[in-house]
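One structure is given here, and the rest of the page talks about it.
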Amino acid sequence: MTDGIQTPAPFDFAGHAQRAAAEYLKRQAFYRDLAFAVSRILEECLQARDIKVQTVQHRAKSAASLTEKAATPSEDNPNAPRYSDPLRQITDLAGVRIITYFPATLDEIDALLASEFEIVERSDKSEALLAEEKFGYQSVHYLVRLRAERASLAEYKRHAGVIVEVQVRTVLQHAWAEIEHDIQYKSANAIPVEIRRRFMALAGMLEIADREFQAIGDANRALESHAEERLEQGDAAGLEITPNSLKLFLNNRLGPDGRISDWTYDWTTRLLKQLGFRDLKQVETAVAQYDDNQLSQIAEGNRQGQTTRFELMLLAAMGEPFIQRNRLSQYDWFQSRQREHLKKMRDAGIPTATYDPDQEAIKSGAMVDGWPDKIREAQDMPKIVLNGQEWTRLTYGEEQLDYGSNHQPCHDCGALKGQYHVDGCDVEECPACHEQAIGCGCNLAEGEVALKLRSKAGDV
C-alpha cells in the first residue's frame, strides 16, 4: 500500500500457464483427432477439385507452446494475462496447414474452405504485419468450424462447434515462416536500419519469386494447351518434343496408358533428340506407316506398353541408326535384341529403315552433312575444366539471355533446348562467368588454354 492506495499483487503467470497446460493435456488427443479429421476432409476435397498442393499438415498444439502462450501478458495490462481462459480463447489448439506451389492456388483453396466449412474468421497476415511494423512474409489464416450438416454425422458429432485454425501459404511463404522463429528482431523500430533494409529486400525477392513461379506455371500450361489443340487438329509441325507434348502425341496416336511414368516420357524425349528428331512432325512422319500392335506381336508375341510399342515403331522406321544412336548401344544385349526384332520385322515383310531425321535435316538445308553427329557427340561432353576447376556445361535454354529456345533450335549450332552446344558455338554461356564462352577468357591461364577436359557423362 502506498499513500492509502493498495498495490495489486503480481499476477501468477507461471501458475496460470501450468494450470492451463494441465487441463489441455487431458484434451490434447481430442484436438489431435479433430486436426486429423479436418486434414482428411481437405485432402479429399482438394483431390476431388483437382487442386494440386505440396502437402497438407495437421497437428494439435504442443503443451509447451500452450504454456508459453498462456503466460503472455495482456498488451493493455502487463499484470494480467492475455488469455484469462486459455482453452477457450486460444484458437489454434487444432491446426491444419496447406502448402501450395503457386499463389493462384490460394484463391482456389479460399473458395474450397468457404464451400466446405463455416469460416469464423479470415486474416491476411501481410496486412497485419504492415500494421504492426513487423517483418515477415504473407500467408492467410482461417478459423473454421465443421458445417452443421457434416457435424451431424456420427463420426464428427463430438467435434461440432470446435474451432480449427487453417493456414494456407505457398512453399516460399512457408520457407520464410520456418526461419522466422530464429530472427532476433521482429519490430521495425528495434532493428538497425541496414538490417531492416535487407529484411525488406528479402521479403520483396520472395514475393517476386512467387509471382515468377506463377508466371512460369501459367506459361507451361499455355504451351501444353497449345500443343494439345495442335495435335487434336493433326498439326504437329514445329511442335517441340517435350515429355508433356510427347505424352499427348502418343495418347492420340497409340491410345493412353496410365502405367507409363513421367520419368519414362522424359527418357523417351531425350532418346528422340539423341536419335536426331527436331520436332513432333518428324516423329509423326517417321512412324506414320507402322501399326504399333502389329510390330509388338511380331517382336514380342504380345501387346506391350505404350512407349515400348513406340520404340518398336522407331526401330522399324530407322533400322540400324536407331540402335547405334541409342544410349543403350553400349550394351551387347541391347544391340542383339534390337537386331533380332529387326529381323523378325523384315521376315514378316515390314519395310524397315525408311526414315532418318539426320538426312531430313540435311536435305532441307537445316544442317550440313555430318553436323547431326557433332550435336550427338556434344551430348557426351557435359564437363569442362576451367583454370583447374571442373564445371558442368550449360545446356541450350539455360543461358541468361533468351535465344528463343522455346521456339527454335540454337541459331548457331542447331542444338535443341536441353542439349549441350557443339564446341565453339557462339551461343554457349560460360558456367563460370556467364559471359559468351568462346570469348570470355575463363579458358585461358597464363597464356595457355586451360580448357583441357571434356569427359563422357558419368566418367568424371
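Quick notes on this structure:
- Theoretical ellipticity at 222 nm over the chain - DSSP helices of four or more residues, -39500 (n - 2.57) apiece, nearest 500: -15000 deg cm²/dmol
- Ignoring the sites themselves, the chain has its longest run without GluC sites (Glu not before Pro) in a DSSP loop having at most 16 other Cβ atoms within 10 Å at 134-397.
- Cα gyration tensor, the stretch 226-293 - rounded (a/c under 1.5), prolate or oblate: rounded
- Taking the Cα centre of the stretch 1-124 as origin and assigning +1 to Lys and Arg Cβ atoms and -1 to Asp and Glu Cβ atoms, the resulting dipole is close to 560 debye.
- Cα shape, the stretch 1-103, gyration tensor, a/c 1.5 rule: prolate
- Here the Debye sum runs over all C-alpha atoms of the stretch 334-429 as equal scatterers in vacuum, and log10 of I(q)/I(0) at q = 0.10, 0.13, 0.18 Å⁻¹ comes out as -0.41, -0.62, -0.89.
- Annotation: the antiparallel percentage among DSSP beta bridges lying fully within the chain is about 85.
- Each label was represented as a point 7 Å from its Cα along the Cα-to-Cβ direction; for A22 and R40 these points are 3.4 nm apart.
- Solvent-accessible area per residue, Å², over the chain with all protein chains present [probe radius 1.4 Å]: 55
- Pairwise centroid distance, computed over Cα atoms, of the stretch 257-312 with the stretch 1-70, Å: 56
- Computed over the alpha-carbon atoms, the chain gives an Rg to Rh ratio of 1.12, Rh here being the Kirkwood radius from the mean inverse distance.
- In the stretch 215-323, the trypsin sites (Lys or Arg not before Pro) that fall in loop regions by DSSP, at most 16 other Cβ within 10 Å: R259, R303
- Taking the Cα centre of the chain as reference, the dipole from Cβ charges on Lys and Arg (+1) and Asp and Glu (-1) amounts to some 1540 debye.
- Share of carbon and sulfur in the accessible area of the chain stands at 49%, probe radius 1.4 Å.
- The stretch 373-424 - charge dipole about Cα centre, Lys and Arg +1 at Cβ, Asp and Glu -1, debye rounded to 20: 80
- Cross-link pairs beyond the 32 Å C-alpha cut-off, checked among K343/K383; K344/K417; K52/K374; K281/K343; K52/K383; K344/K383: K343/K383; K344/K417; K52/K374; K52/K383; K344/K383
- Positive-end ranking of L386, I350, V96 along the dipole of the chain, with charges on Cβ about the Cα centre, is headed by V96.
- Note on exposure: C425, C433 ranked by accessible area (1.4 Å probe, complete protein assembly) read C433, C425, with the most exposed listed first.
- The stretch between D33 and V120, if pulled fully straight at 0.36 nm per residue, gains 29.3 nm over its current Cα-Cα span.
- Taking a ≥ b ≥ c as the square roots of the eigenvalues of the alpha carbon gyration tensor, the stretch 142-289 is oblate, as a/c is not under 1.5 and a/b does not beat b/c.
The values are calculated or read from the model by the stated rules, or taken from the named source; none is laboratory data. Computed from a predicted structure; not experimentally measured. A quick note on method: Cβ atoms are made from the backbone with ideal geometry, for glycine too, and the neighbour counts reach across all protein chains shown. When the accessible area is computed, the model is the full protein with side chains, heavy atoms only, and any ligands, DNA or RNA have been set aside. Shrake-Rupley method; radii C 1.70, N 1.55, O 1.52, S 1.80 Å.
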